[in-house]
Structures are given as structure tokens and as C-alpha cells.
Amino acid sequence: MSALHPPRAKIVPRQITQHGETRIDNYFWLRDRDDPDTIAYLEAENAYTEEVMAPAKALEDELYQEMLGRILQTDTSAPVRRGDWLYYSRTEEGCQYAVYCRKRGSMDAPEEILLDCNALARDVPYLRLGNFAVSPDQSLLAYSLDLSGDEIYTLFIRNLETGELLADRIPNTYYGLAWLNDNRTLVYITLDDALRPCRAHLHRLGVTEDTLLLEEPDERFHLTLHKSRSRRFVFLQLDSAASSEVHYIDADSAAAPHLLYARNDNVEYDVEHHGDHFYIRTTEGGRNYRVVTAPIADPRRENWVEWLPHRANVMVESVEPFANHIVVEERENGLRRLRICAMDGVEHTVEMPEPAYTLSIGDNPEFHTAAVRFTYTSLVTPPAVYDYDMAARRRTLVKQMPVLGGYEPEQFETLRLHAPSHDGALVPISLVWRKGALRNGANPLLLYGYGSYGISIDAAFVSDRLSLLERGFIYAIAHIRGGEDLGKPWHDAGKLEHKKNTFFDFIAAAEFLIREGYTSPSRLAILGGSAGGLLMGAVINMRPELFHAVIAKVPFVDVLNTATDPTLPLTVIEYDEWGNSNEKPFWELIRSYSPYDNIQPKPYPNMLVTAGLNDPRVSYWEPAKWVAKLRALKTSDNLLLLRTNLAAGHGGASGRYDKLRETAQDYAFLLKASM
């Protein structure tokens, strides 16, 4: 136990009555960032964390230099062709941000700098690039910037021929931007007061008043948009956690959007375009999606024709049309694969060299091409970008991430295991470690989990992780329910009334790793962020003795209060994920696992908790309140640290060196807690 005295948040009891039950929240006041005591408390926690970790500062610096030493600091991304131009980004040693560039014809041509984010960030503590869209004739660049971490972007437009920044400037925008084919008109998205993306607008260059194309009143739905690879349509996609609706715009005109297919409860779908047809990926007819075609001339439901049937064990993740091929991204047994479908009906899948890997479709803006770009990685293989010739069935390595310092993949082992959960479900676990580790229970092990929103956590290489592996750690990923690692039903089995399966699966994975001798409770650390931070909070309430150390990054832990406040971002949107707390059964369910509401006098493990003051996804007060309550009730002398970034949001620091420093701080905490 540190001899230092941790901060103590003031207690201001507040009664909250819901569904006939009254509870007391002593730290509700931390929601008021204008209360001077709020910032003072966060600063005191930061100072305490810095003081406690001061003896490990040399270790932190060592870790930082190790991780920095593996990175080629001056580097260039794999170039992407758009017509006559090759687009790429590059980094320079000592610079926090990327520089976005292009060259005409070949990479031997003179460079044209489109956007230097280092120059844009010169006088601000935070900078994040949102949208980056070049006009069809490649003469204009539309881009958006967030300067605080709140994910509210301002849209700018630059003339690439003159370098001039146009007078057009649009605030309150979000991710999602498309040019119409006249090179003078943009479609973009704005937010409501709860920071929900819900409106699509049409902007003509030089025109002050924009046209509202679509506004979604139902607070459960959020709006995204994208332009088809064929460049013929812009799709406006409305999604809740359980249903979808798509409207489309002809990119050659500024006509009003057309509704493709009206929303239905528990039916999700999205749309792509090829030739005279829409290709629709839909859960109507099976939870793992099937693909149908619909004639553009009359895409009503009765005109749908099945193109790829539903399969119980294979989930269709995306449909990617090219001029002469349709690429289907599928997932089976937790692994992605590419199905290449020629327009003459001949199909094949792209072979992968390892039994466990991560595959993702890359940036493929060109429609008339025989090559599809994808990125391949595994727990031991650094990310590699390939162009795959779909006709010749031949791949070409375009670029592989360099790892400096003599990294040799053959010095490490990777494995996929399956842990039986409480109800017999087998939970996949991916592991990596340095060869030579013994299964004697003495290995330190870091177990990562997420388990929400249908987000799959694939096994990918991260060079920073080598600093733990070289120090004897095993790294493991629990592919728990709530994600879609094993398809849509895997998500269904970890949400709403089944949410606790997520927590049971993670505990089962931990117990399995202990039982099989990979680690022991005194050597087991766990990591999760955002909804994965909810996971961290839930499992340490349930089984605090099972874990030695916890890193909870921007954790969603004040779940009950957030779920009952519709003014907060994401609350209503996520009713279909967590349940509507206005309904008593769901309120009781959330009450039963909400980490903040279930803290008890227990010997909690060593903990490092992070927050972002400007976080729009998990408000800073959730981790702050959680730590304050844990301080008051925990019975152990273990470390409890809160680190709040006062100039950032959900993703932490924006600069690459600052992000690396945050990782070094996390790892220093893990190693300090293990000493």
C-alpha cells in the first residue's frame, strides 16, 4: 500500500427514485463540470496517480523507448489509386500526426501535400481528422476536424489546384460525407442536442442555405451515409440496434432521397449497387444474413431474388461490388474469409496461410479493377496490405508494417482454445506468448475482453504488446458473447435479457486459463475499454478474488443512471442493446449488473481507470464516480488510480507519440502491480 493519501471526493447524497425504488447516489454531483470541485477532484486524482507511479517512471520511460524503437517513425502508407492519382499518408519522425498526400501517375512523380495535420494541430492540444473526401474530378478536398475530443466536427473545403481554403465552413457535422458527381455538391450529416447523428443535408458550394434531405425523429436510430463504389448512388442508412432502413440518392442529381425498404422490427439490412440491381444484405430470412438482388427500376420487396442464401454457421459481413466481381466478406468459426464471385457465376475463396488470423477489406475506391485490396495480420504477423487479382487468383504484397529491433515471429507461439461457459457454450480464446513459457501457473497473463454491440475482436498483431511478451506475459483475447465473433446469434446471446452471458463467458475464460496452468489469480490481469470497461466493472464485482490487476479505459460503469437519462448521447439509441430502462424488467436487469450500483465492501484488485473530460460516448463522470465509490468501500490495500485526460475524449490522446506514452503508462502500471 502506498503511504500517500488518495483523494476523497466530497459526499453529497442525492435521492433517485425509479420504479418504486429509492437509492442514494453520493457522487451524482460530479456530473456538473462547472462545479469547481469537479475539476479539482479530477486534477487531484491525476496528481495522486502521478505521485504513486513516480517510482515506476524509469520503467515507463523504458517501455516508451522500447515501443518507439519498434516503429519506423518516418514511413508511408500503401498508396491507393483513384484514377490517375495515387493517394497516401506519411509520417515524419518527431511529428505527432500524418501528412496526407498524392502523386499523379506513379510514386516517382512529384508529391502534392493535401493536408498536413501537424500544421493544423500547431496551436491546439487535440486534433482528430474525421471525414476526408476528394471530389470526383479530384480538384477539391472536403475534410472535417475535431479540436476537443467531443466528436463534433467542423467541415472545411480546400481547392487542391490553388491550395485555397474555400469560405464554405459547416459546424456540428459527424462522420459520413459524400460528393455528388457534379463536383459542386456535398451530402453530410449533423447532430441533434443529444449528439445523435440524425440529419442529412445537401450543400452546394458557395450557397449559404443548405437543403435538409432527411431527418430521423426516432431517437433509437442513427444515420450514416456512403457513396457506392460505382459512384451512381449515395445511400443514407438509418440503424437502431435491431432494425434498419435505407434511402438512396442518385449521385448525378440533387433529387430527394428514395426509400428502398421500410424498417421492420428485428430486420437489419444494408445496400450496395451493381449494374441494374441493388445487392441487399439482410437478416430477413436468417440472423447471419442472406443476400438478395432487387432491380433498381422497381426494388420493392416482391421483386427481390435470392443471390446468396442464409447459412446457419456463416455470417455475411459485407458485400463489395466491382465491375466484374462481387466480393463477399464472410465469417465462419470466428475467422473472416473472402468469397470472390465472378459475374459468370464462378466462385472461389482466398486462401490464408495461418489457422488463426485477422482479415479486413482495405480501401478500394476503384470500381473498374480486377484487384481487391485487403489487410492480413495475426497475433504474430504484422499487418500486411495485399492486392488480390480476382481473375488470376494471385496476391501481391503491397506493404507490410515494419517492426524494428529484430522482431522474429517464430520466437512466439499462438493458439486458439475454447473454454466452457456456465451454460455449456464454448468461448474461443486466442493466446500469444514467447516460446518457452511453462504451464505451471506462474505466467503473468493479460486477458482482454469487450463483448458488446456485435463488435468482433479479432486476433491482430500490435507491436507495443511485445514489451509485455518479452517480459514473460501471455496475452489472451476472450471472444465472448455480445460480439459477433461466431456470428449474429453470438451477439444476440450477449445482449438485452442475455447480457450477463458476456460476464459469465469472461469469468469462464479466466477460470479455464487458470485451470489449464497458463496463469493464476495472483498473476492474472484484465483489460477492457468503454463497454469493455463495463465488463471489467461487472466481473470484479462478481469475482474480485479472481483477478490481480485491472485496466479499465473510459469504462461505461454508471450504467443505470445513464440508461435512465435520455438526454445523454447513445442512451435511447442503445435501448435495443441493453434494454429500455423505462420498462421495469430491464431496469431491474441493468440494476443487477451496473458496476457503480453493485460496489460492495470487497477486496478489489489493483486498478487503473482512465477517463476523457470531453468524452461524448462515456461521460467522464462515470469512471470518476466509480473510483470515488470504490475508494469509500473497497477493503483491500491494492492500488486504485484514476487518470483523466483533460484535453481529450473517448479515444484518449490524439497524437501518435502521446498515445504511445499512454500505453507505456498502462504497461508500467501492470508491471508495478505485478511486483
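The values are calculated or read from the model by the stated rules, or taken from the named source; none is laboratory data. Computed from a prediction, not measured in an experiment: that's the story for all the values here. A quick note on method: Cβ atoms are made from the backbone with ideal geometry, for glycine too, and the neighbour counts reach across all protein chains shown.
I'm checking my understanding of the structure. Among residues of the stretch 600-624 that are more than 21 Å from the chain's Cα centre (by Cα) and surrounded by fewer than 21 Cβ atoms within 10 Å (Cβ to Cβ), which one is nearest to Leu641 (Cα to Cα)?
Pro603
Out of Glu302, Glu329, I need the residue that is outside any loop (DSSP other than H, G, I, E, B), surrounded by fewer than 18 Cβ atoms within 10 Å (Cβ to Cβ) and not β-branched (Val, Ile, Thr). Which one?
Of the residues listed, the single one that is outside any loop (DSSP other than H, G, I, E, B), surrounded by fewer than 18 Cβ atoms within 10 Å (Cβ to Cβ) and not β-branched (Val, Ile, Thr) is Glu302.
Can you name every residue in the stretch 109-139 that is among the aliphatic types (A, V, I, L, M) and surrounded by fewer than 16 Cβ atoms within 10 Å (Cβ to Cβ)?
Hits for the stretch 109-139 are Ala109, Ile113, Ala119, Val124.
Search the stretch 195-239 for residues being surrounded by 18 or more Cβ atoms within 10 Å (Cβ to Cβ) and among the polar types (S, T, N, Q), and hand back the single one that is farthest from the chain's Cα centre (by Cα).
Per the criteria, the residue is Ser228.
Can you name the condition, by its number, that Thr562 falls short on among (1) touching a Gly at 6+ places or on another chain (Cβ under 6 Å); (2) of a type outside the set (A, V, I, L, M); (3) in a helix (DSSP H, G or I); (4) surrounded by 23 or more Cβ atoms within 10 Å (Cβ to Cβ)?
Failed condition: (1).
Could you look through the stretch 83-105, keep only residues that are surrounded by fewer than 15 Cβ atoms within 10 Å (Cβ to Cβ) and among the charged types (D, E, K, R), and pick out the one that is farthest from Ala142 (Cα to Cα)?
The qualifying residue farthest from Ala142 (Cα to Cα) is Glu93.
Counting only residues that are in the same structural domain as Asp265 (by TED's automatic domain parsing), within 20 Å of Tyr279 (Cα to Cα) and not acidic (Asp, Glu), give me the strands (runs of 3 or more DSSP E) lying completely in the stretch 195-246 with at least 1 of them.
Per the criteria, 222-227, 233-239.
Check whether at least one residue in the stretch 178-194 is surrounded by fewer than 20 Cβ atoms within 10 Å (Cβ to Cβ), polar (S, T, N, Q), touching a residue at least 40 places away in the same chain (Cβ under 8 Å) and in a loop (DSSP other than H, G, I, E, B), and report yes or no.
Within the stretch 178-194, one or more residues are surrounded by fewer than 20 Cβ atoms within 10 Å (Cβ to Cβ), polar (S, T, N, Q), touching a residue at least 40 places away in the same chain (Cβ under 8 Å) and in a loop (DSSP other than H, G, I, E, B).
Tally the residues that are among the aliphatic types (A, V, I, L, M), closer than 15 Å to Cys101 by Cα and not in a loop (DSSP other than H, G, I, E, B), restricting the search to the stretch 127-162.
Of the residues in that region, 6 qualify.
Yes/no per residue for (1) out of contact with any Ser or Thr (no Cβ under 8 Å at 6 or more places or on another chain); (2) under 26 Å from Lys495 (Cβ atoms):
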position	(1), (2)
Phe586	yes, yes
Pro616	yes, yes
Pro623	no, yes
Arg643	no, no
Ser674	yes, no
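Being farther than 25 Å from Ala194 by Cβ and within 29 Å of the chain's Cα centre (by Cα) narrows it down to one of Gln96, Gln138, so name that one.
Result of the check over Gln96, Gln138: Gln96.
So the check is Cβ under 9 Å with 6+ separation or different chains; which pairs have a first residue in the stretch 152-164 that's of a type in the set (Asp, Glu) and a second one that's in a strand (DSSP E or B) and surrounded by 15 or more Cβ atoms within 10 Å (Cβ to Cβ)?
Glu161/Leu140; Glu164/Arg158
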